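Here is the structure we will look at, set down as structure tokens.
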Amino acid sequence: MKIAGTIRCMLLAALLGHAAPGVAQVPPPGSNLQVFLITIGPGADIYERFGHNAIWVRDTVAMRDLIYNYGTFSFPQSLAGSLNFAGQFIMGRPRYWLGVETSLQRALDEYAERKRDVDAQELNFSAAQKADLATRLAINALPANKYYGYDYFRDNCSTRVRDMLDAVLGGAMRRATAGHPADGTLRFHTRRSITNGKLLYVGIDAAFGPNTDRSLDRWNEMFLPEKVQQLMRELTVTATDGTVQPMVLNTLRLLELRAFRVESEPPTWFGRFALVSLALSAVILLATARGPVRFVGRLTGSGWLLLMGLLGALLLFFWLFTGQVATYANRNLLLMSPLALGAVRMVWQRGATVAPWRWWLLAAVALSATTGALVSFLPIFGYQDMSTTVSLTLLPTLSALIIAARRQAEDGRPAH
């Protein structure tokens, strides 16, 4: 009887609502919500350098905040777990998920601890669009849906936010950006973002192949959170009364610490790298001198060839055996050839018969390095920016090969 009574009351309320909407009008779904795009500035660590973004949904009636964060990952504390995570990342298959924070203050405290700036843009969605977005996010955050295979260029925290907002806007973001040329390439944006660590800069730049030098359109450039933020400032929406209004209603600066920044252009370090290269070459060529310095030269030369060979093997591994698309077909393999491993002992060998294959090996490594330098300046088969690798590696490699060749010629005899 209680259930029947409840149903009768519900029906009566519905009838009264239709008969006299001015008396008991139910607000449309989503009218109690505010939606903000949160953009977090760069931090100190490599995974923070590109910035971050999230979607903040605020219920103004229930006074509840939900911050949806697509960039959630957990770095295990155990050695086995850490190695597993690192292995997944290297292979191009790290597992990230959509995390949900229920306290805006707690989220801000975490970013304040990392000394990162935080901005929020209130988006001019209709009530129906806000309800749609809230539903999509809630479904995506379910345990069965929240995990995804992370890719730092094609499927990251920013592209996920972009795709979610674009779906609610009926594709307006894609229409405004797809096919429109962007400011730079993936390598361009990576270089300008990681200038706070020169060794990391050199390593990542060397690992990138020609895929990162292709032109971007503005849609794909939104792998950077700042580009999503920028587009929101540019977009407009048409209101129910036919007026054109900005996509962003309000902009809030939630945290302003100004501890870190990203340059608008990549650095011009070619001269510095060339000086380092000259210094290394000079040390290697000490092997042609007399006295104790000869040992220093040989040690540096053999160490350099070992380094080039190991790095070349690593580049080959990235290309052939991982899902890291950015590293495919890397022409830096010409400058850092795995064949260099075969020349390491030649810097030290003496009194041994010189087999012809050793001369062929030295010639192959030298030809590979010089070809790499030529390819970087004469992009016959497509373009890959190899300027950093050329400026750092060409001269030391040729110097080490000269030392190895001199050693073979002085201490060996042609084989019969």
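When the stretch 150-167 is examined, which residues are found to be at pLDDT 95 or above and open to solvent by 10 Å² or more (accessible area, probe 1.4 Å)?
Once the filter is applied, which keeps residues that are at pLDDT 95 or above and open to solvent by 10 Å² or more (accessible area, probe 1.4 Å), the stretch 150-167 yields R160, R162, D163, M164, D166, A167.
Tally up the residues in the stretch 194-233 that are more than 30 Å from N124 (Cα to Cα), open to solvent by 20 Å² or more (accessible area, probe 1.4 Å) and either among the acidic types (D, E) or touching a strand residue (DSSP E or B) at 6+ places or on another chain (Cβ under 8 Å) (or both), please.
Residues in the stretch 194-233 being more than 30 Å from N124 (Cα to Cα), open to solvent by 20 Å² or more (accessible area, probe 1.4 Å) and either among the acidic types (D, E) or touching a strand residue (DSSP E or B) at 6+ places or on another chain (Cβ under 8 Å) (or both): 2 in total.
For R253, are the conditions met, namely being modelled with pLDDT under 95, of a type outside the set (D, E), surrounded by fewer than 18 Cβ atoms within 10 Å (Cβ to Cβ) and under 29 Å from A112 (Cβ atoms)?
The answer is no for R253.
Does S391 satisfy being in a helix (DSSP H, G or I), within 19 Å of G203 (Cβ to Cβ) and in contact with a Lys or Arg (Cβ under 9 Å, 6 or more places away or on another chain)?
Yes; evaluated as a whole, the condition is true for this residue.
Looking at (1) more than 30 Å from V365 (Cβ to Cβ); (2) basic (K, R); (3) in a loop (DSSP other than H, G, I, E, B), which is the only condition R253 fails?
(3)
Would you be able to tell me the number of residues in the stretch 289-327 that are more than 33 Å from the chain's Cα centre (by Cα), at pLDDT below 95 and of a type in the set (V, I, T)?
Looking only at that region, the number is 1.
Among the residues of the stretch 240-281 satisfying the criterion of being under 36 Å from the mean Cα position of the chain (by Cα) and without any contact (Cβ under 8 Å) to a residue 12 or more places away in the chain, which is nearest to V35 (Cα to Cα)?
V244
Can you pull out the strands (runs of 3 or more DSSP E) entirely within the stretch 95-167 that have at least 3 residues that are under 19 Å from the mean Cα position of the chain (by Cα)?
The qualifying strands (runs of 3 or more DSSP E) are 95-101, 147-149.
On the basis of being acidic (D, E) and in contact with a Phe, Trp or Tyr (Cβ under 8 Å, 6 or more places away or on another chain), does D205 make the cut?
no
The values are calculated or read from the model by the stated rules, or taken from the named source; none is laboratory data. Just so it is clear, the structure is predicted and the values come from calculations on it, not from any experiment. Quick reminder, even Gly has a Cβ in these numbers, built from the backbone with ideal geometry, and neighbours come from all protein chains shown. The protein model used for the area step is the full one, side chains on, heavy atoms only, and it has no ligands, DNA or RNA in it. Shrake-Rupley method; radii C 1.70, N 1.55, O 1.52, S 1.80 Å.
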